[in-house]
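Engineer: The structure follows.
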Amino acid sequence: MECDESRSAVRRFVGMEDVVLRVGASNTPGTCLIPALLDQFHRQYPSVRLEVLQGDSTSVIGQLVNEEVELGFIGGRFNDERIHFEALGEDTIVCAVSSDIAAKGKQSLSQAELCKVPLIVREQGSGTQKAVYEAFAGTWINKDSLRIVAVLGSSEAIKRAILNGTGYAFISSMVIADELNHGELTTVRIPGLNISRTFYAARREGRELSPAAAAFWELMLSRGKG
């Protein structure tokens, strides 16, 4: 019913030019979730142009607060009363390495061994890195003891680095699904460490959405529930 109402509201835009919906998205939602729904959204609402501003989860919250975007899609929930959050779905974060390196080593690492291998991490503010460090809190792993060789600003950069054999990295399984299927990357098991997180749709608390934003909000939530 809500989707039908949103679609009816968007029809008010017919005859108007350059209806633009700006949304913010952190790396994985912006790379994996939103593109998967673009065709459906465009077919339903051809008069709406979607602009996605990508950044880390913290910067997306800032965009919402500053009203630079109407919606945000991120890899974690923040304690901010100005923002309303709704869960979109679950994600698994894995430790991955190039299959060439994996073939020369082991299929699993102890928590102590993890601190000795070259590790590539995301920048501060990343939802992925936040989930990883929160998971470390329940283990013997001290993040200050990690052998970090690079800090990179996107999941795509992390993926390229591990494909090139730079080292190990914690990354969303969605981002490397093709590389895992093709045997280019391998996941490495770390006993006692399992990392998952929830994706969230976010909007300003108490603000009425434009018809275009309401339609995209419902589409993203229906995807998460499906």
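Just so you know, all these numbers are worked out from the coordinates, no wet-lab data involved. Because the structure is a prediction, the values reported are computed rather than measured. Because the Cβ atoms are built from the backbone with ideal geometry, glycine has one as well, and the counts that use them run over all protein chains shown.
Engineer: First check a/c for segment 91-196, with a ≥ b ≥ c the square roots of the eigenvalues of its C-alpha gyration tensor; if it is under 1.5, answer rounded, and if not, answer prolate when a/b is larger than b/c or oblate otherwise.
Structural biologist: rounded
Engineer: Additional query: Straight distance only, please: which lysines reach the Cα of residue 143 with their own Cα at less than 20 Å, same-chain residues fewer than 8 apart left out?
Structural biologist: 116, 130
Engineer: Looking at segment 101-180, which trypsin sites (Lys or Arg not before Pro) are DSSP coil and have at most 15 other C-beta atoms within 10 Å of their C-beta?
Structural biologist: Those satisfying the criteria are 106, 116, 147.
Engineer: Based on Cβ point charges of +1 for Lys and Arg and -1 for Asp and Glu, what charge dipole magnitude is obtained for the chain about its Cα centre, in debye rounded to the nearest 20?
Structural biologist: Here the chain has a charge dipole of around 580 debye.
Engineer: Tell me, 197, 43 in order of fewest to most beta-carbon neighbours within 10 Å?
Structural biologist: On the way: 197 22, 43 8.
By the 10 Å Cβ count, ascending, the order reads 43, 197.
Engineer: Could you work out how much longer the chain between residue 82 and residue 66 gets when fully extended? Use 0.36 nm per residue separation minus the Cα distance between them, nm to one decimal. It would help to have the intermediate numbers written out before the result.
Structural biologist: Working: separation 16, 0.36 × 16 = 5.76 nm, distance 1.08 nm.
That pair, residue 82 and residue 66, stretches by 4.7 nm at full extension.
Engineer: Enumerate the calculated ³J(HN,Hα) couplings along segment 192-206 in order (Karplus 6.51 cos²θ - 1.76 cosθ + 1.60, θ = phi - 60°), each rounded to whole Hz, writing x wherever the residue is Gly or Pro.
Structural biologist: x, 10, 10, 10, 9, 8, 10, 7, 10, 8, 9, 8, 5, 5, x
Engineer: Assuming R0 = 45 Å, what is the FRET efficiency of residue 106 and residue 38, from their Cβ-Cβ distance, to the nearest 0.05?
Structural biologist: With a Förster radius of 45 Å, E is 0.65.
Engineer: Something else now. With both partners inside the chain, how many of the DSSP beta bridges are antiparallel, as a percent to the nearest 5?
Structural biologist: Percent antiparallel among DSSP bridges in the chain is about 55.
Engineer: Counting alpha carbon pairs within less than 8 Å and at least 6 residues apart, what relative contact order, in whole percent, applies to segment 91-196?
Structural biologist: Computed over segment 91-196, the figure is 51 percent.
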